[in-house]
Amino acid sequence: MLPMLKRGMKGGAVRHLQARLKVAGFDPGRIDGAFGPATEAALMAFQQAEGLLPDGVAGPRSWAALDPEAKALAGDALGLVDVDLAAVMFPSTPLGAIRVHLPHVVAGLREAGLVDGPMALMALATIRAETEGFEPVAERPSRFNTSPFGHPFDLYDRRRDLGNGGRPDGARYRGRGFVQLTGRANYRRAGERLGLGDALAAEPERACEPALAGRILAAYLAERERPIKLALLAGDLGGARRTVNGGGHGIGRFRDAYRLGERELRARERPASQAARSRP
């Protein structure tokens, strides 16, 4: 198992990282097993060259690019994403809903290759912003989707930016799931991305099926992974939220959930990091 490595860590895994960087043409200086400024700079340069997020952390994608023969993902944090962690992030949500739906979310993240801590927290915080009950839901009529004297979701009917072509597209392709998938074009795109062809567009209510909702959420985040991580790296939680929602809906719940989860995840990861530092 190749561990996630970052500045300040020491040991054989760091030496392996330094050696791989040197082979790739990005000299980290002396191969001494100490992850210092030179190793960080070499890794960031390598990440930039490969089109990866230049965060100076050797995670799953950096290891895959550096060491194609690696058989295990590095920095897999999904094993730490359990009911207790979600309960910290959803303090007002019944545990029953978390127990039922969290496995579907984790399975979707793993399928999409989003196994690192920041993206796992992003997924859970997004759910809290969209549906604090931790279950996939269908959008309800509101002043944002229904005119004062119109039929439900009439303001969506002719939203060409969503791929809708008139009634009944507004109601048929209203927001559903953990991430509120909305619009004919987005249902079709999600179905194609998940290997369902036109099945999801033909039966849009399926977006509320828990297992499929988890996959849709993960696929949606995977398409936006780079801008999300850039925002998170800059500490811009509002920017990360806007990559999904485009506005400020649920931003308070999103920030609260992410910060609570980040604190809890760091506490859980600390023992593993200390063990990695102490390895010869």
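Summary of values
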quantity	calculated
Cα pair distances in the stretch 104-195, grouped into 5 Å bins until the bin that holds the longest one, percent each	3, 14, 19, 20, 18, 13, 9, 4, 1, 0
Nearest-ten-degree value, helix 210-223 long axis tilted from longest Cα axis of the chain	60
Amide H within-cut-off set for Asp116, under 5 Å, with H built and near neighbours excluded	Ala77
Difference of contour (0.36 nm per residue) and Cα-Cα distance, Ala97 to Asn245	50.9 nm
Neighbour-limited loop hits for chymotrypsin sites (Phe, Trp or Tyr not before Pro), the stretch 79-152 (at most 14 other Cβ within 10 Å; DSSP other than H, G, I, E, B)	Phe144, Phe149
Degrees, to the nearest 10: 12-23 long Cα axis against longest axis of the chain	90
Sorted by Cβ density within 10 Å, fewest first, the residues Leu233, Leu221, Leu196	Leu233, Leu196, Leu221
Per-residue HN-Hα couplings for the stretch 173-180 [Karplus 6.51, -1.76, 1.60; θ = phi - 60°; Hz; x = Gly/Pro]	10, 5, x, 8, x, 6, 10, 6
Reciprocal mean inverse distance between Cα atoms of the chain - Kirkwood radius, Å	20.2
Candidates Ala240, Ala129, Ala202, ranked by Gaussian network fluctuation over the chain, Cα under 10 Å, top entry	Ala202
Cα lying deepest toward the dipole's positive end in the chain, options Ser62, Ala97, Gly150, charges on Cβ	Ser62
Under-5 Å amide H pairs with Glu139, H placed in peptide plane, nonlocal only	Gly175, Arg176
0 to 90° range, to nearest 10: angle between helix 184-193 axis and the chain longest Cα axis	40
Chain lengthening between Val23 and Arg158 when straightened (0.36 nm per residue, less Cα-Cα)	43.0 nm
Taking the C-alpha atoms of the stretch 12-66, convex hull volume expressed per residue in Å³	62
Label-to-label distance, nm, for residues given as Asp82 and Arg226 (7 Å Cα→Cβ offset)	3.6
Label-to-label distance, nm, for residues given as Ile31 and Glu209 (7 Å Cα→Cβ offset)	5.0
Relative contact order computed over the chain (Cα-Cα under 8 Å; 6+ residues apart), in percent	19
Percent breakdown of C-alpha pair distances by 10 Å bin, ordered from the shortest bin, for the stretch 147-228	20, 49, 26, 5, 0
The stretch 44-138: trypsin sites (Lys or Arg not before Pro) falling in loop per DSSP and having at most 11 other Cβ within 10 Å	Lys71
Theoretical gain in end-to-end length, Gln48 to Ser142 [0.36 nm per residue, Cα-Cα removed]	29.4 nm
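Quick note: the coordinates plus some simple rules give every number you see, no bench work behind them. Owing to the predicted nature of the structure, the values given are computational and were not obtained by experimental measurement. Because the Cβ atoms are built from the backbone with ideal geometry, glycine has one as well, and the counts that use them run over all protein chains shown.
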